[in-house]
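Working notes for the structure below.
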Amino acid sequence: MVNPNVQGKKYPETAPYLVGREKVREFANAVFSTNPINHDLFAAQAAGYPDLVAPPTFAVLIQERSLHTVIADPEADIDFSRVVHGDQRFIHKRPIVAWDELTSVLEVDSVKSLGAHSMITFKTEIFDRNKNLVCTAISTLVVRGE
Amino acid sequence: MTHIDIAGLEVGQEIGSQSFHFTRDSLVRYAGASGDFNPIHYRDDFAKAVGLDGVLAHGMLTMGAAVQVAVNWVGDAGKVIDYGVRFTKPVFVDANTGADVLVIGKVGSIDLENNTVRIDLSASCAEVAVLGKAQAVIQL
């Protein structure tokens, strides 16, 4: 069972993640994107962006870094081998673009139990180098009971 | 601004559909791109040992592919301002035949004041829904 006392707990800011152009292309290919602004610098600039635009689910890479700090937290007591992804949402203030340098702060939004299972919802706020909010990622993990 | 005229849209209107063919190669490619190397996404023995019927696709791969229907419609991946899904059923990916995920996008609601439209995405594999409440808000 996930420790309900971690509800409201905030985890320290993660180290900066530099978004590379080739990583954007690699991720775009992996999610079957054919949108030129994910692949072609000139297309992205013609559409008004400073560099290649990352696909809408790219922020999962940054969220993962935050999640690792929680999974590694003995107080939270999460058995990762029993974790199933329940739901996921990304709310963007602006799209992530190549050469963004992103940090994130994760907060445990809620911990609920559902019979033998626990449901834990995280809110990860992702900031750029100027500390402006870029994206809020909300993720619920279901931890299956024994 | 985009090429889409919000006044010409109707709730329920289909905006596009696409069938995505997932193979084991797709899963390995997504694992590398995302950094999610959970072996349930590429090792049959491991998947069976944890009680699964077989190797399954990353939920985030299905989520990432499904939104492409909305992206292709608007023509600009940067216009997806809010996107959420529930993972309802796993997509099992056979080593030989893979799996096909059919995604259909429809206009869910229209917000004239903010010039946004919500696209509701249905995603199914072998006629079973694999995402629930998959909704993408697009800034027009």
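The values are calculated or read from the model by the stated rules, or taken from the named source; none is laboratory data. This structure is a prediction, so every number in the text was calculated from the model and none was measured. Ideal geometry is used to build each Cβ from the backbone, glycine not excepted, and the neighbour counts take in all protein chains shown.
Given the criterion at the interface with another protein chain (Cβ under 10 Å from one of its Cβ atoms), among the hydrophobic types (A, V, I, L, M, F, W, C) and within 14 Å of the chain's Cα centre (by Cα), identify the matching residue among B:V67, B:V74.
Values: B:V74 fails: within 14 Å of the chain's Cα centre (by Cα).
Result: B:V67 is the single residue among B:V67, B:V74 that is at the interface with another protein chain (Cβ under 10 Å from one of its Cβ atoms), among the hydrophobic types (A, V, I, L, M, F, W, C) and within 14 Å of the chain's Cα centre (by Cα).
Against the condition within 9 Å of another protein chain (Cβ to nearest Cβ) and either at negative phi or small (G, A, S) (or both), how does B:L61 come out, does it pass? Yes: the conditions hold for B:L61.
Close Cβ contacts (under 8 Å, 6 or more residues apart or on different chains) running from residues in the range A:130-145 that are over 22 Å from A:N3 (Cβ atoms) to residues that are among the basic types (K, R) and assigned to a loop (DSSP other than H, G, I, E, B) comprise A:N132/A:K93; A:L133/A:K93; A:V134/A:K93; A:V134/A:R94; A:C135/A:K93. Checked against the criterion of being assigned to a loop (DSSP other than H, G, I, E, B) and among the hydrophobic types (A, V, I, L, M, F, W, C), the candidates A:A76, A:A137, A:A44 yield just one match: A:A76. Within the range A:47-64, restricting attention to residues that are at the interface with chain B (Cβ under 7 Å from one of its Cβ atoms), outside any helix (DSSP H, G or I) and not small (G, A, S), the residue that is farthest from B:V28 (Cα to Cα) is A:Y49.
When the range B:1-41 is filtered for residues that are at pLDDT 95 or above, assigned to a loop (DSSP other than H, G, I, E, B) and among the hydroxyl-bearing types (S, T, Y), only B:T23 remains.
Listed conditions (1) surrounded by 13 or more Cβ atoms within 10 Å (Cβ to Cβ); (2) under 20 Å from B:A129 (Cβ atoms); (3) out of contact with any helix residue (DSSP H, G or I) (no Cβ under 9 Å at 6 or more places or on another chain) are all met by B:M60, apart from (3).
Does the range B:42-72 hold any residues that are assigned to a helix (DSSP H, G or I) and of a type outside the set (G, A, S), and which are they?
Step one: filter the range B:42-72 for residues assigned to a helix (DSSP H, G or I), giving B:44-49, B:59-66, B:68-72.
Passing the criteria: B:D44, B:D45, B:F46, B:K48, B:M60, B:L61, B:T62, B:M63, B:Q68, B:V69, B:V71, B:N72.
State all residues of the range B:28-57 that are small (G, A, S) and either crowded, with 19+ Cβ neighbours inside 10 Å or farther than 20 Å from A:E26 by Cα (or both); if no residue qualifies, say none. Answer for the range B:28-57, where residues must be small (G, A, S) and either crowded, with 19+ Cβ neighbours inside 10 Å or farther than 20 Å from A:E26 by Cα (or both): B:A33, B:S34, B:A47, B:A49, B:G51, B:G54, B:A57.
Determine, yes or no, whether B:N115 is polar (S, T, N, Q), in contact with a helix residue (DSSP H, G or I) (Cβ under 9 Å, 6 or more places away or on another chain) and touching a residue at least 24 places away in the same chain (Cβ under 8 Å).
yes
So that you can scan it fast, the table gives a plain yes or no per residue for (1) at pLDDT 90 or above; (2) farther than 17 Å from A:T121 by Cβ:
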| site | (1), (2) |
| --- | --- |
| A:F42 | yes, yes |
| A:T57 | yes, yes |
| A:V60 | yes, no |
| A:E64 | yes, no |
| A:V70 | no, no |
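Only residues that are away from chain A (no Cβ under 14 Å), in a strand (DSSP E or B) and farther than 20 Å from B:G12 by Cα were counted across the range B:79-128, and they come to 4.
So which residues in the range A:8-22 are in contact (Cβ under 8 Å) with a residue 40 or more places away in the chain and either within 9 Å of chain B (Cβ to nearest Cβ) or closer than 20 Å to A:W99 by Cα (or both), if there are any at all?
Here is the first cut: in the range A:8-22, the ones in contact (Cβ under 8 Å) with a residue 40 or more places away in the chain are A:8-21.
Answer for the range A:8-22, where residues must be in contact (Cβ under 8 Å) with a residue 40 or more places away in the chain and either within 9 Å of chain B (Cβ to nearest Cβ) or closer than 20 Å to A:W99 by Cα (or both): A:E13, A:T14, A:A15, A:P16, A:Y17, A:L18, A:V19, A:G20, A:R21.
Cβ-Cβ contacts under 6 Å between residues 6 or more apart (or on different chains), taken from a first residue in the range A:75-100 that is without any contact (Cβ under 8 Å) to a residue 40 or more places away in the chain to a second residue that is surrounded by fewer than 17 Cβ atoms within 10 Å (Cβ to Cβ), are listed as A:F80/A:I71. When A:F27 is tested against (1) in contact with a helix residue (DSSP H, G or I) (Cβ under 7 Å, 6 or more places away or on another chain); (2) assigned to a loop (DSSP other than H, G, I, E, B); (3) hydrophobic (A, V, I, L, M, F, W, C), exactly one condition is not met: (2).
Return a yes/no flag: does the range A:87-104 have any residue that is surrounded by fewer than 18 Cβ atoms within 10 Å (Cβ to Cβ), closer than 28 Å to B:T88 by Cβ and in contact with a strand residue (DSSP E or B) (Cβ under 7 Å, 6 or more places away or on another chain). Step through it out loud before you land on a result.
So in the range A:87-104, the residues surrounded by fewer than 18 Cβ atoms within 10 Å (Cβ to Cβ) come out as A:91, A:93-94, A:99, A:101.
Checking the rest, the ones that are also closer than 28 Å to B:T88 by Cβ come to A:91.
Going one step further and asking which of them are in contact with a strand residue (DSSP E or B) (Cβ under 7 Å, 6 or more places away or on another chain), we end up with A:91.
Yes - at least one qualifying residue is present in the range A:87-104.
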